[in-house]
1. Being in the same structural domain as residue A:244 (by TED's automatic domain parsing), touching a residue at least 40 places away in the same chain (Cβ under 8 Å) and over 18 Å from residue A:217 (Cβ atoms): is that true of residue A:24 here?
2. Considering region B:86-128 alone, what residues qualify as being within 26 Å of residue B:260 (Cβ to Cβ), more than 13 Å from chain A (Cβ to nearest Cβ) and touching a helix residue (DSSP H, G or I) at 6+ places or on another chain (Cβ under 7 Å)?
3. Of everything in region B:232-256, what is surrounded by fewer than 23 Cβ atoms within 10 Å (Cβ to Cβ) and either away from every other protein chain (no Cβ under 14 Å) or touching a helix residue (DSSP H, G or I) at 6+ places or on another chain (Cβ under 6 Å) (or both)? Give them in sequence order.
4. Of the residues that sit in region B:337-349 and are over 15 Å from residue B:130 (Cβ atoms) and more than 11 Å from chain A (Cβ to nearest Cβ), which one is surrounded by the most Cβ atoms within 10 Å (Cβ to Cβ)?
5. Among the residues of region B:51-89, which ones are within 29 Å of the chain's Cα centre (by Cα) and farther than 27 Å from residue A:413 by Cβ?
6. Kindly check whether there is at least one residue in region A:78-101 that is in contact with a strand residue (DSSP E or B) (Cβ under 8 Å, 6 or more places away or on another chain) and touching a residue at least 24 places away in the same chain (Cβ under 8 Å).
7. Any residue that is crowded, with 17+ Cβ neighbours inside 10 Å, within 36 Å of the chain's Cα centre (by Cα), under 17 Å from residue A:491 (Cα atoms) and within 11 Å of chain B (Cβ to nearest Cβ) - is there at least one of those in region A:565-573?
8. I'd like to know if region B:240-254 contains one or more residues that are within 29 Å of the chain's Cα centre (by Cα) and assigned by TED's automatic domain parsing to the domain that holds residue B:168.
């Protein structure tokens, strides 16, 4: 059997197996799989260098199915490569199977979860950046994209960054089958239109008949030989290729074939070909950065330091101690202070420009290769990449995010620049950690701990300086809190975080003049939260105030209420937060206007305790 | 004074006023304003048709400052047009001033807030779509973009959609001053590189010297004469143009000039020119769609209907009754069922393809023109546009969002397609409404009410069918709830929403066999929440369970706890939600695995009440 004959048989097997698994699973996307089967057959047999038996080998190529709904094709490739059995193939979409509706890292060698369109290619850019600048290995990164997802802006962020960075280790393969879920795509089969766009973004573009195996072979060879630029194969294909009942027909998206037996017969029946996938190039070892070592920065009690500055200094020191730490920023590194890391460790700093989706995706790609990325921008602008953070959780990614410029305390720049929903958004990410230190020493310790933690962690930093109240040697840990003020007979607990800790302490001082004893909890770890300290406070005080520079929904207040929800004895809790749309003004003016400064806390405390007394007297 | 001389003087005035306001405000972006001053001087004097005295005139042109940080320039234009006084100009960034750090609709005729880069152009696309397809007026839409924001994928979504739709009423003006916040942009002054990209996306591109007033005049005239395609002016400019201390110098971003007096002198001193801005073309009246009228759909008790289907039918009926209602979808209209509206009202349906950011931005643009847009996609994919929703709130936009395919109940497709953080994310949007009906009749009534409500409202719908339990004439309202089961001596309250309402009722039935009386609250309005009903339940039952198909953070459970926070008497509350990363499986299998089905609720109830008894006995 010639190469071309074998590949034809292999492609037909991939189609048949896509039909079989989606039929057995009762749902899925066989037609979106069939269009790309010839492309993937040639890739698997002759271009991909991946040891499926050693999925963690750092020398492996990476294959990202950006069109994650073509999972039947992906799993059919795994079977053909010997990574799964036919029996497992048929477990598609069933409870307990590793073969989920869209690929996840539960099934090796899958690096990341896909299924939210437009994310696979940006992640592939991250893997390619890791290959080029971090691992410095010759592995290639291949991304199979759908044509519908070319409408996502994140795809063009990826084209832009890869073109700018000259990632010639990256190949995108666009399966232009023309038909989306409900209709034709904007460009249809205008392959030249796609090519023009790709070239304008600095890519080498090859237009190819996606069902001509020899043409595909030449195109992949050209992609591998091409230097200085990434390559995109724009492949004209037919959705449902090979089965007359569905081929190039609308209305056949995302459902099993109606007559799978006829379809399988039309495709030449079941096969059990096995591909001898090329071994990776193991000639070099992954690059490792040497480190000089050094101490974590500390600050003296009473110093005035912005936590964003402490972030930059701590991250830089972490980079001195660990060669695996890398930093990415969205062109605001002099605001987030990741610029300090960039100055100290330029080889491990990635300027991602103002493209937050690509920034997060790049970090996801890098962590899939074992690097420890810290990603920073304004907290407000992390919302731009929220879907990417959501999917990073599905990818079981270890990702550290830092959002600066929290809340109304930034002042004059106004609400567009104020992170006011970030705590809520990041709390609602599976397995996440949400940290909001009130001073520099807390920040430095938490940054260090984030590096060791798996899953997604988020650090929220402040624009303005706050007083250092935590001693350099004090215990600060994820899940912990600090109680800067308490007594044996406290009337009230004030739970604060970040900028509101200082306000809470000032309020407590004022209240002491009224004869009210207020305990203050600095809840620098919002998720996980220090339930023990909060429960103790709840048991010892008759009222509680939470105060945060954030909308009242989903933030510190809700986290505290949740920690106390099952307690039999609970004080009344008043949530203070930002309740009106803020405007521009001075930081202290805006904290005051929102009622989250010392005066606002004091007023709330008095009102709450007076009501308690009234209730008791009544 | 010739036109060119006048425009030169005007441009210098815009620069001087940018320096003055940012100096007076103590912060801001004068250098980013100065680069675009010549462009805006020519636009204001000769091309913009906008009656600043009648900012609500539907015939007005629209000017969107996509580079919102150039607000000093924008406000200087307002002064030159006579819309504000010099005194107000100098109130820039001060508390109480309408002139915030970044423009907001607080200062007419500003349509939308900008300041999160890459959003203004997509909103301008929405305004242009409104002009072309809805209002059918000849107004033009102008968007001033920065070159740094060209890195945002959303900009390319805008280029793509505008090119596809042939929006020749749209002109983008890119101020290519080369310098970002910390460094040169990816393309620097490669104007042809930008032009190539724009042309590949179907635009007419004009490269121009952004400081040559006659060349700018010609370019704008060309843009206005161009038909069939949108136009982009790619203007080569110098950041800080006109002041030697800052012109084309790095490190001068986002701060007042160090020596404003010398700068003002160098610019020729203060001026007080007034521009006679062209009046709009008032020759036609805005188009209004005629409607046939018709009844809101209703369903019989006991029917099995998916709420996503009810959404589509209700929206279609709403369109029958109101000519101002329009719908947008992200190429999943046969899943969200907005396709029913598209079939009935094709002129008012906008296919936005898989570009959720552009979709939300287009809706924001349309509502700025008084239309009533409903935006739909999978709830999971609305996260893609979270920053746009956040900014829509700053824009005081009236926006209706529908997210389908909520939670693990979608089943086989897996976690990438499951909305599990949407309630938390949308609750944390200022002034938002979050609705999650459990049946078709609730859905239809809520859809109707969303149309009348200002601000941002979010409706969460289910993939699978649920039983109709709400009568067609029953009261359903934003802020309301339903109590499908209660008695005078309830032991327990179960608060549910969406798919978990049926599970809660089944659990209550099982618990009744144990002699436990459970009240069930169908909390279809999560924000605002029906505090009165919840407080009454809290006062009458010893324990409460909240159960939602959502992560435990920021959703229904937190909303209920928040509603009860200040109550003196509160039962213990157990929050049930999705606590492990879901996988693929059948809907009932996944509800069970998450512990949010009837069995999970029953177990939790027994455990909670046994503990209460033990505590009481102890």
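The values are calculated or read from the model by the stated rules, or taken from the named source; none is laboratory data. In this text, all values refer to a predicted model and were calculated from it rather than measured experimentally. Quick reminder, even Gly has a Cβ in these numbers, built from the backbone with ideal geometry, and neighbours come from all protein chains shown.
1. On the way: in the same structural domain as residue A:244 (by TED's automatic domain parsing): yes; touching a residue at least 40 places away in the same chain (Cβ under 8 Å): yes; over 18 Å from residue A:217 (Cβ atoms): yes.
For residue A:24, the condition - in the same structural domain as residue A:244 (by TED's automatic domain parsing), touching a residue at least 40 places away in the same chain (Cβ under 8 Å) and over 18 Å from residue A:217 (Cβ atoms) - is met.
2. Listed by number, the residues that qualify are B:86, B:89, B:90.
3. B:236, B:238, B:241, B:242, B:244, B:245, B:247, B:248, B:249, B:252, B:256
4. Initial filter on region B:337-349 (over 15 Å from residue B:130 (Cβ atoms)): B:337-346.
Filter once more, so that each one left must be more than 11 Å from chain A (Cβ to nearest Cβ): B:337, B:340-341, B:343-346.
Numbers: B:337: 26, B:340: 22, B:341: 30, B:343: 12, B:344: 19, B:345: 20, B:346: 9.
Here the residue is B:341.
5. Passing the criteria: B:51, B:53, B:54, B:56, B:57, B:58, B:59, B:60, B:61.
6. Looking only at region A:78-101, we keep the residues that are in contact with a strand residue (DSSP E or B) (Cβ under 8 Å, 6 or more places away or on another chain), and these are none.
No, the conditions are met nowhere in region A:78-101.
7. yes
8. Residues of region B:240-254 that are within 29 Å of the chain's Cα centre (by Cα), as a first pass: B:253-254.
Subsequent filtering for residues that are assigned by TED's automatic domain parsing to the domain that holds residue B:168 retains B:253-254.
The answer is yes, given that some residue of region B:240-254 is within 29 Å of the chain's Cα centre (by Cα) and assigned by TED's automatic domain parsing to the domain that holds residue B:168.
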